[in-house]
Amino acid sequence: MDKDLAIFDFDGTITSKDTFLYFLKYTHPGLQGVVNILRVTPHLVAYGLGLISNETAKRHLFSSFYKGMAADHFNAQAGSFVNQIESFVKSKALEKINWHRQQGHRVLVVSAGFDNILIHWCKKENIELIATGVEVESGLLTGNFGSKNCYGIEKLNRIKAYLDPSEYRNIYVYGDSRGDLEMMQIATHPNHDKRIFT
């Protein structure tokens with residue numbers, strides 16, 4: 001019980017922008033991206049009206065852009081996207097991450113974002129990652145998720161499957177949205193604020 005743990009949400013907490021939306025623009029600039037967005041507009045409207053879940057809307061969006069893409073190509077684009085991510089990482093968030101590391105705390109990012117995209121930044125910063133997987137068959141993206149969407153209760157479930165919270169004396173949890181509330185349950189030091197690290 002002498003160990004401490006720091007858990008960070010990613011989008012809106014560590015970053016000032018939605019990483020996935022910027023990745024869509026990065027991989028599909030111009031007209032191609034607009035056409036893909038228009039294709040899923042009915043699903044996005046349905047989500048805005050509360051008729052379908054966050055996970056369903058996100059799956060339709062992901063499929064519209066990436067179904068049938070070679071996994072190697074997707075991962076290469078994700079690797080080159082790390083410089084874009086660094087451009088909208090909040091300096092105060094990075095300062096807090098560095099403070100935890102200086103204290104010898106274990107640092108973990110738990111995100112609804114896609115692990116193939118976020119892993120490059122996390123590896124560069126030597127941070128562990130739990131995120132949403134992508135499904136690959138025969139070297140191609142199927143357009144489906146390779147895991148449940150890591151949002152809400154799934155964040156808490158994935159954390160508990162990954163480690164034992166009872167082994168930690170202090171657990172710091174940082175988040176900015178509704179999707180982070182459930183993982184606050186294990187925090188001894190919860191930090192939930194829409195304007196966190198601004």
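Residue pairs whose Cβ atoms lie under 7 Å apart, sitting 6 or more positions apart in sequence or on different chains, and linking a residue in the range 183-198 that is surrounded by 12 or more Cβ atoms within 10 Å (Cβ to Cβ) to a partner that is in a loop (DSSP other than H, G, I, E, B) and of a type in the set (Val, Ile, Thr), are Ile196/Thr13; Phe197/Thr13.
Would you point out which residue out of Ala6, Ala57 is among the small types (Gly, Ala, Ser) and assigned to a strand (DSSP E or B)? Among Ala6, Ala57, only Ala6 is among the small types (Gly, Ala, Ser) and assigned to a strand (DSSP E or B).
Taking the range 9-54 as the range and being open to solvent by less than 70 Å² (accessible area, probe 1.4 Å), touching a residue at least 60 places away in the same chain (Cβ under 8 Å) and either outside any loop (DSSP other than H, G, I, E, B) or in contact with a Pro (Cβ under 9 Å, 6 or more places away or on another chain) (or both) as the test, the residues that pass are Thr15, Thr19, Phe20, Phe23, Asn54.
Looking only at the range 157-166, decide whether some residue is more than 20 Å from His105 (Cα to Cα), assigned to a helix (DSSP H, G or I) and without any contact (Cβ under 8 Å) to a residue 12 or more places away in the chain. Lay out the reasoning, then the answer.
Residues of the range 157-166 that are more than 20 Å from His105 (Cα to Cα), as a first pass: 157.
Then keep just the ones that are assigned to a helix (DSSP H, G or I); that gives 157.
Narrowing further to those that are without any contact (Cβ under 8 Å) to a residue 12 or more places away in the chain: 157.
Checking the range 157-166: at least one residue is more than 20 Å from His105 (Cα to Cα), assigned to a helix (DSSP H, G or I) and without any contact (Cβ under 8 Å) to a residue 12 or more places away in the chain.
Could you list, in sequence order, the residues of the range 36-91 that are closer than 24 Å to Arg178 by Cβ and acidic (Asp, Glu)? The answer is Glu55, and nothing else.
Of the residues making up the range 89-124, just one is more than 15 Å from the chain's Cα centre (by Cα) and acidic (Asp, Glu), namely Glu95.
The values are calculated or read from the model by the stated rules, or taken from the named source; none is laboratory data. This one's a predicted model, so the numbers in the text were calculated from it and none came from an experiment. Neighbour counts are summed over all protein chains in view; Cβ atoms, including those assigned to glycine, are modelled from backbone coordinates with ideal geometry. In case anyone asks, the SASA skips ligands and DNA or RNA and just uses the protein heavy atoms, side chains included. Shrake-Rupley method; radii C 1.70, N 1.55, O 1.52, S 1.80 Å.
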